[in-house]
Amino acid sequence: MSSTANTLTAADIPVIDIAPFIANEAGSADVVRAVEAACRNLGFLLVTGHGVPKAVTARLYDTARAFFDEPQEWKVGQGRGTSEIGGVAFSPIADEALAATMGLKTPGDFKESLNYGPRLPGDAWPSKPSGLKSAFEDYFSEMEILADHLRRIFCSAIGLSPAHFEKEFVDHLSALRVINYPEQHVEPEPGQLRAGVHTDYGFMTILRSEASQGGLQVRNREGEWLDAPSIEGAYVINIGDAFMRWTNDEWVSTPHRVANPPSGYGGTARRQSIPFFLNPCKDTVIECLPAFAGEGAKYEPITYGEYIKVKTGQAFSKG
């Protein structure tokens with residue numbers, strides 16, 4: 001891809017230590033204010049002090065990588081069914097075109113992924129590598145804990161009770177995905193990116209990212225594409241479309257993409273990322289929260305199930 005990107009430093013995307021809030025210590029109010037400002041201004045932030053064990057993250061990263069290292073002819077036969085709730089789904093290279101959710105026609109994204117959610121349809125887990133299912137399950141559990149902390153921070157920022165959203169996440173449809181962006185040994189097709197420009201669909205995304213040539217880019221309010229930093233041990237958090245609707249567009253779900261490595265790049269540009277998409281249950285009604293309804297709601301209420309059906313249909317459309 002030939003495009004110019006400014007360098008987005010840690011100062012441009014706030015890096016917030018949320019440990020004081022989790023421990024209910026001095027500094028909790030500062031955490032809430034910093035998160036609220038980030039959600040209003042850019043919709044992206046990085047968090048440290050989250051308490052997610054490094055070993056759990058490393059185990060999922062390494063186990064999923066071992067799957068992606070298997071021959072392509074074997075992989076494409078895995079995870080293609082939908083008969084098993086809590087099973088695994090495999091999406092091969094170019095199967096998904098995220099830019100379609102924004103009305104853009106592009107080739108499929110140059111990535112492959114493994115996807116899991118305990119309440120989502122999938123297929124039987126593959127026989128190899130050993131421990132793949134438990135690695136996904138253990139990491140998913142850690143993300144549920146971190147998501148609970150972040151929801152409580154959001155509630156504090158809005159002036160809601162800490163448990164305001166909890167009923168919406170009893171049977172939540174959250175999804176854990178490990179994405180492999182392979183080396184690009186040939187030039188991508190015109191308009192093809194590792195992941196096309198899109199916004200995320202749900203409540204929020206918690207991303208374990210990786211530094212690489214050809215990485216995450218965020219579009220700021222001036223329309224500039226900025227390279228997001230990768231900070232060891234930090235998670236990238238971004239607001240999703242559903243929660244932006246809840247806030248009447250005051251908290252922003254920001255367009256982002258994953259760029260291709262520079263043309264002719266001779267180094268290693270393989271990249272692997274782990275996003276956790278926090279989604280409410282399907283019957284959750286997304287409607288403007290009273291705190292944001294001063295000039296009237298911009299959108300009619302819609303259930304999350306209806307909303308996500310439209311979005312995923314666009315992303316995987318072959319039309």
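For beta carbons closer than 8 Å, sequence separation of 6+ or different chains, a first residue in segment 55-71 that is closer than 14 Å to Met143 by Cα and in contact (Cβ under 8 Å) with a residue 12 or more places away in the chain and a second that is aromatic (Phe, Trp, Tyr) and open to solvent by less than 40 Å² (accessible area, probe 1.4 Å), the qualifying pairs are Val56/Tyr139; Thr57/Tyr139; Leu60/Phe136; Leu60/Tyr139. Among residues of segment 267-319 being in a loop (DSSP other than H, G, I, E, B) and charged (D, E, K, R), the one that is modelled with the lowest pLDDT is Lys318.
Flag not set for Phe154, criterion: closer than 29 Å to Pro290 by Cα, open to solvent by less than 10 Å² (accessible area, probe 1.4 Å), under 14 Å from the mean Cα position of the chain (by Cα) and of a type in the set (A, V, I, L, M, F, W, C). The test for being in contact with a strand residue (DSSP E or B) (Cβ under 7 Å, 6 or more places away or on another chain), open to solvent by 10 Å² or more (accessible area, probe 1.4 Å), assigned to a helix (DSSP H, G or I) and not charged (D, E, K, R) holds for Thr57. Could you list, in sequence order, all residues of segment 92-122 that are of a type in the set (Asp, Glu) and either in contact with a Ser or Thr (Cβ under 7 Å, 6 or more places away or on another chain) or open to solvent by 50 Å² or more (accessible area, probe 1.4 Å) (or both)? If the condition is that a residue be of a type in the set (Asp, Glu) and either in contact with a Ser or Thr (Cβ under 7 Å, 6 or more places away or on another chain) or open to solvent by 50 Å² or more (accessible area, probe 1.4 Å) (or both), then Glu112 is the only one that fits. Is it true that some residue in segment 74-86 is out of contact with any Cys (no Cβ under 8 Å at 6 or more places or on another chain), without any contact (Cβ under 8 Å) to a residue 12 or more places away in the chain and over 26 Å from Arg219 (Cα atoms)? Yes; the residues of segment 74-86 include at least one that is out of contact with any Cys (no Cβ under 8 Å at 6 or more places or on another chain), without any contact (Cβ under 8 Å) to a residue 12 or more places away in the chain and over 26 Å from Arg219 (Cα atoms).
From the list Ser156, Ser161, Ser141, Ser134, which residue is of a type in the set (S, T, N, Q) and either in a loop (DSSP other than H, G, I, E, B) or under 22 Å from Arg270 (Cα atoms) (or both)? Just a single option satisfies the conditions, and that option is Ser161.
So which residues in segment 251-266 are touching a residue at least 12 places away in the same chain (Cβ under 8 Å), part of a loop (DSSP other than H, G, I, E, B) and out of contact with any His (no Cβ under 9 Å at 6 or more places or on another chain)? Across segment 251-266, the qualifying residues are Trp251, Val252, Ser253, Thr254, Ala259, Asn260, Pro261, Pro262, Ser263, Tyr265. Looking only at residues in segment 11-29 that are open to solvent by 40 Å² or more (accessible area, probe 1.4 Å) and part of a loop (DSSP other than H, G, I, E, B), the one that is modelled with the lowest pLDDT is Ala11.
Of all residues in segment 77-87, exactly one satisfies the criterion of being open to solvent by 70 Å² or more (accessible area, probe 1.4 Å) and more than 17 Å from Arg119 (Cβ to Cβ), namely Arg80.
If you check Gly81, Gly108 for being over 22 Å from the mean Cα position of the chain (by Cα) and either among the hydrophobic types (A, V, I, L, M, F, W, C) or assigned to a loop (DSSP other than H, G, I, E, B) (or both), only one passes: Gly81.
Does Phe68 fit the bill of being out of contact with any Gly (no Cβ under 9 Å at 6 or more places or on another chain), under 25 Å from Leu278 (Cβ atoms) and open to solvent by less than 20 Å² (accessible area, probe 1.4 Å)? Considered against the rule, which asks whether it is out of contact with any Gly (no Cβ under 9 Å at 6 or more places or on another chain), under 25 Å from Leu278 (Cβ atoms) and open to solvent by less than 20 Å² (accessible area, probe 1.4 Å), Phe68 comes out as yes. Any residue that is farther than 21 Å from Ile274 by Cβ, assigned to a loop (DSSP other than H, G, I, E, B) and touching a Ser or Thr at 6+ places or on another chain (Cβ under 8 Å) - is there at least one of those in segment 40-52? Yes, segment 40-52 has at least one match. If you go through segment 177-194 and keep only what is in a strand (DSSP E or B) and crowded, with 22+ Cβ neighbours inside 10 Å, you end up with Val178, Ile179, Tyr181. Scanning segment 129-150 for residues that are in contact (Cβ under 8 Å) with a residue 24 or more places away in the chain and under 19 Å from Pro280 (Cβ atoms) returns Phe140, Met143, Glu144, Ile145, Leu146, Ala147, His149, Leu150.
The values are calculated or read from the model by the stated rules, or taken from the named source; none is laboratory data. These numbers were taken from a predicted model, which means no experiment stands behind them. So basically every Cβ, Gly included, is an ideal-geometry build from the backbone, and we count neighbours across all protein chains shown. Only protein heavy atoms, including side chains, enter the accessible area calculation; ligands, DNA and RNA are left aside. Shrake-Rupley method; radii C 1.70, N 1.55, O 1.52, S 1.80 Å.
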